[in-house]
Amino acid sequence: MSESLGVAVIGAGMAGKAHAAAYRAASTLFSPTLPAIRLVSIGDISEELGAATAKRFGFERHDADWRDIAAADDIDVVSVVVANSLHREIVEGLLAAGKHVLCEKPLSDSIEDARAMADAADAAQAASGAIARIGFSFLRAPGIAFVHELVASGRLGEVLHFSGRYWADYGARPDAPMSWRYQGPPGSGALGDVGSHLSYVAELLCGRALDVSGGRFHTSITERPKPLGAVVGHTRGNVSDELVPVENEDYAAFSARFERCVGTLEVSRVAAGHPTSLVFEVFGSNGAARWDQRHPGEVQLILHEEGAAADAVAGYRTVQLGPAHPHFAGGWAMDAPGVGVGQNDLFVHQARAFLEEVAGIPEAESLPRCRDFADGIHNMEFLAAVAESAARGGATVEVPGGAR
């Protein structure tokens, strides 16, 4: 194990700050098995934003060019948190330089580029041992992991169907400025942004997606104002009077057939009143479970195993998450029931899992590993099948690699 690991984050926007904060906190989780973590650089073309983010989170410096991070001898681990279209060039350059790379989802803006990135990752691992992973942050959410245990153990019985949605409102107002999120082909809008999360959560619980049908896309706000300056995260304001067309979808819905069951999935970025709401229910022959991102420290659960005597009070009950549930004990300074866990914590767990793998800590002693680029490609192929279904009027489309 190395004595220390130097870390950089490329991208100082909203998600980039989450990665920066996560690396700062990662060594405080669980037992102190990680080597020392050195917070070295925040990379961003904006001098003002990059320097401010570096200072805020305790990084040593700001680099305006990602190539300086690739060439730096004091950096070992890099998160790539920029526009999807920029992923390939940066990731391939970092891997060629021998850096370990954690790339935000989706892997790229095209499957062709994603496959090229996967090839580069395989070559880099063979040549230098560099590790390339994709950030699927919800995989280590204690509530989702608990529901997965209920499914995998058979306690919910045979899984009958899944219902999930991810509603967001960052695009609900017409004055939200044009940015890369509103550009790109059908499927790269709400589906590629928040639907990428919902789809891998659904597969965790229901098994691989075999095919999709009933795809429907809708663009509710067809034009957005040009921004006056850089757009950071989901900011509004500072726009011109010139309107430009939105290229991708605000809303998407579809049905899917999984290995274990069937299900319906719905995503939106124009759902006013829902800043970020990932909600799902899994229904089984012996009960059901529900998880809501707005209440991430609890799971709603009903089990038929309690017998006929419970029928008079049948219904969901609230299970407060705590040390008895996955990825909770030792994970926070206060790891008691009812303390709760939020999405920021999931970024810390993600960073911790990646650093554990880089440091060579055995998988059995670690949080669930971050997924590899092959999983990132599958996630994109799943969503591409939805886009094809929508383009073909809701036709059934097989998901490549669904049956294995």
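The values are calculated or read from the model by the stated rules, or taken from the named source; none is laboratory data. Please read all numbers here as calculations on a predicted model, not as lab measurements. Cβ placement follows ideal geometry from the backbone for every residue including glycine, while neighbour counts extend to all protein chains displayed. SASA here: full protein model, heavy atoms, side chains in, ligands and nucleic acids out. Shrake-Rupley method; radii C 1.70, N 1.55, O 1.52, S 1.80 Å.
Descriptive notes on the structure:
- Considering residues of the stretch 71-118 that are within 21 Å of the chain's Cα centre (by Cα), in a loop (DSSP other than H, G, I, E, B) and in contact (Cβ under 8 Å) with a residue 40 or more places away in the chain only, the residue farthest from residue 6 (Cα to Cα): 109
- Within the stretch 96-109, one or more residues are of a type in the set (A, V, I, L, M), open to solvent by 20 Å² or more (accessible area, probe 1.4 Å) and more than 17 Å from residue 16 (Cβ to Cβ).
- Scanning the stretch 358-367 for residues that are open to solvent by 50 Å² or more (accessible area, probe 1.4 Å) and on the phi < 0 side of the Ramachandran plot gives 362, 363, 364, 365.
- Within the stretch 38-70, the set of residues being part of a strand (DSSP E or B), open to solvent by 40 Å² or more (accessible area, probe 1.4 Å) and touching a residue at least 24 places away in the same chain (Cβ under 8 Å) comprises 38 only.
- Only strands (runs of 3 or more DSSP E) whose full extent lies in the stretch 270-353 are considered here, and the ones with at least 2 residues that are within 21 Å of the chain's Cα centre (by Cα) and over 17 Å from residue 137 (Cβ atoms) are 276-284, 298-303.
- Entry remark, the stretch 379-404: residues being without any contact (Cβ under 8 Å) to a residue 24 or more places away in the chain and part of a helix (DSSP H, G or I) number 0 in total.
Residue by residue, here is whether (1) modelled with pLDDT under 95; (2) under 28 Å from residue 207 (Cβ atoms); (3) surrounded by 18 or more Cβ atoms within 10 Å (Cβ to Cβ); (4) of a type in the set (Phe, Trp, Tyr) holds:
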position: 285; (1), (2), (3), (4): no, yes, no, no
position: 289; (1), (2), (3), (4): no, yes, yes, no
position: 293; (1), (2), (3), (4): no, yes, yes, no
position: 301; (1), (2), (3), (4): no, yes, yes, no
position: 310; (1), (2), (3), (4): yes, no, no, no
position: 334; (1), (2), (3), (4): yes, no, no, no
position: 341; (1), (2), (3), (4): yes, yes, yes, no
position: 345; (1), (2), (3), (4): yes, yes, yes, no
position: 356; (1), (2), (3), (4): no, yes, yes, no
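- Residue in the stretch 137-156 that is in contact with a Gly (Cβ under 6 Å, 6 or more places away or on another chain) and crowded, with 23+ Cβ neighbours inside 10 Å present: yes
- Residue in the stretch 375-387 that is open to solvent by 50 Å² or more (accessible area, probe 1.4 Å) and either within 19 Å of residue 27 (Cα to Cα) or in contact with a strand residue (DSSP E or B) (Cβ under 6 Å, 6 or more places away or on another chain) (or both) present: no
- Residue satisfying condition, being closer than 29 Å to residue 401 by Cβ, at pLDDT 95 or above, open to solvent by less than 50 Å² (accessible area, probe 1.4 Å) and acidic (Asp, Glu), within set 259, 247, 266, 281: 281
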